[in-house]
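Engineer: The structure's right below; bear with me while I get my questions together.
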Amino acid sequence: MKLVKQWSTARVVTLVMGVLLVLYGVNTVYGYYQLSRMRLHPIAPSSFTLLGFPSREMEERRWKIIITQEVPKVVEVLREQRFGRPELGAEEGAVRRVAIEQVLKVCPVVLTEQHIQDVWLERREAEVLRARPEYFVVHLRLTPEGRARLWHYARTYVARPRALGEPPTDERLLLIVDKQPWAAPIIRSEVASSWWLLSRAAALQTSDVQIQPIFDEEIANEIVNGFHRAQRLARKEAVP
């Protein structure tokens with residue numbers, strides 16, 4: 001009798017867990033469907049903005065990103081150069097800096113502070129021997145619309161087919177705080193996949209974007225503080 005009772009209890013528990021898993025799966029698939037079908041309209045830049053920097057379109061303009069002391073800037077190439085990864089301290093005579101106002105006007109806006117729930121800083125130890133024993137990671141947790149916007153952008157530019165013989169290029173975002181670029185993270189190819197969006201709909205990840213490695217703590221703090229300033233400003237403007 002005792003064994004029968006235990007067996008019945010186990011069956012009930014298994015049934016309940018099965019129902020919960022089915023509901024979780026249905027909710028996840030429905031969330032993915034909503035995000036993938038979300039109608040997204042163009043948005044204007046704000047005080048905290050993540051711009052797209054599509055490689056083909058920027059190459060046509062002869063624009064590229066140069067990173068100097070961890071700070072990116074957009075420059076126009078004045079003579080023939082190979083377009084590829086951002087150069088660390090390129091030859092100044094070969095390029096001309098592009099005004100940030102022009103960058104904001106030309107580059108597509110992917111995200112602003114309205115599409116981000118939270119930004120926080122994580123300190124990590126360097127995995128290999130470096131001059132600096134630690135680095136920083138800035139995490140961004142996006143809103144559902146923010147995830148949809150980033151995914152759609154990645155599907156458009158990261159996942160687009162390349163011509164035969166065309167070398168792969170990094171697709172980057174340009175993070176701008178108060179008209180000052182602070183980071184140019186690479187968009188990983190997995191962001192363009194359906195699994196990435198599905199995992200976000202399933203709430204499997206707390207951090208949607210990781211900007212790393214940042215070795216200058218002041219830069220990392222400026223990004224985090226810039227987001228909170230932009231949030232406070234947006235709340236003030238929303239008050240009638």
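Engineer: If packing is taken as the average number of other Cβ atoms within 10 Å across a peptide's residues, how do 147-159, 56-68 rank, most packed first? Let's see the in-between values first.
Structural biologist: Numbers: 147-159: 20.4, 56-68: 16.4.
Going from most to least packed, we get 147-159, 56-68.
Engineer: Same structure again: Got the relative contact order for region 139-222 handy, in percent, Cα pairs under 8 Å and 6 or more residues apart?
Structural biologist: On the way: 74 pairs, mean separation 33.0, N = 84.
Normalised by residue count, the contact order of region 139-222 is 39 percent.
Engineer: Using Cα-Cα distances under 8 Å and only pairs 6 or more residues apart, what relative contact order does region 104-145 have, in percent?
Structural biologist: Dividing the mean separation by the residue count of region 104-145 yields 42 percent.
Engineer: Can you tell me the dipole magnitude for region 106-162 around its Cα centre, using point charges on the Cβ only (Lys, Arg +1; Asp, Glu -1), in Debye to the nearest 20?
Structural biologist: On the way: 10 positive and 7 negative charges, 73 e Å.
Computed about the Cα centre, the dipole is about 360 debye.
Engineer: Where Lys and Arg each count +1 and Asp and Glu each count -1, what net charge lies around Val119 among other residues with Cβ under 12 Å from its Cβ?
Structural biologist: Details: positive: Arg141, Arg229; negative: Glu113, Asp118, Glu122, Asp208, Glu222.
Summing Lys/Arg as +1 and Asp/Glu as -1 gives -3.
Engineer: According to the square roots a ≥ b ≥ c of the eigenvalues of the Cα gyration tensor, what is the shape class of region 138-233, taking rounded for a/c under 1.5, prolate for a/b larger than b/c otherwise, and oblate for the remainder? Each step should come with its number before you reach the end.
Structural biologist: On the way: a/c = 2.15, a/b = 1.37, b/c = 1.57.
It comes out oblate by the Cα gyration axes.
Engineer: Counting pairs of alpha carbon atoms under 8 Å apart in space and at least six apart in sequence, what relative contact order in percent does region 96-240 give?
Structural biologist: On the way: 172 pairs, mean separation 42.0, N = 145.
Relative CO of region 96-240 lands at 29 percent.
Engineer: Sort region 108-170 into rounded, prolate or oblate with this rule: let a ≥ b ≥ c be the square roots of the eigenvalues of the Cα gyration tensor; rounded if a/c is under 1.5, and if a/c is not under 1.5, prolate when a/b is larger than b/c, oblate otherwise.
Structural biologist: On the way: a/c = 3.82, a/b = 1.22, b/c = 3.12.
Taking the square roots of the gyration eigenvalues as a ≥ b ≥ c, region 108-170 is oblate.
Engineer: With unit charges on the beta carbon (Lys/Arg positive, Asp/Glu negative), name the residue among Thr143, Gln117, Ala154 whose Cα is farthest towards the positive pole of the charge dipole of region 109-155.
Structural biologist: Ala154
Engineer: Sort 133-142, 189-198 for me by packing, meaning the mean count of neighbouring Cβ atoms within 10 Å per residue, highest on top. Before the final figure, lay out the partial values.
Structural biologist: Values: 133-142: 17.9, 189-198: 16.0.
Ranking, from highest mean packing down: 133-142, 189-198.
Engineer: Taking amide H positions as placed 1.01 Å from N in the peptide plane, with prolines and chain starts having none, which residues 5 or more places from Gln117, or on another chain, fall under 5 Å of its amide H?
Structural biologist: Arg141, Leu142, Thr143
Engineer: Going by C-beta contacts inside 10 Å, put His41, His115 in order with the fewest on the left.
Structural biologist: Numbers: His41 4, His115 21.
Result, fewest neighbours first: His41, His115.
No lab work stands behind these numbers, since they all come straight from the coordinates. Here the structure is a predicted model, which means the values were calculated and not measured. Every residue, glycine as well, gets a Cβ built from its backbone with ideal geometry; the counts of neighbours run over all protein chains shown.
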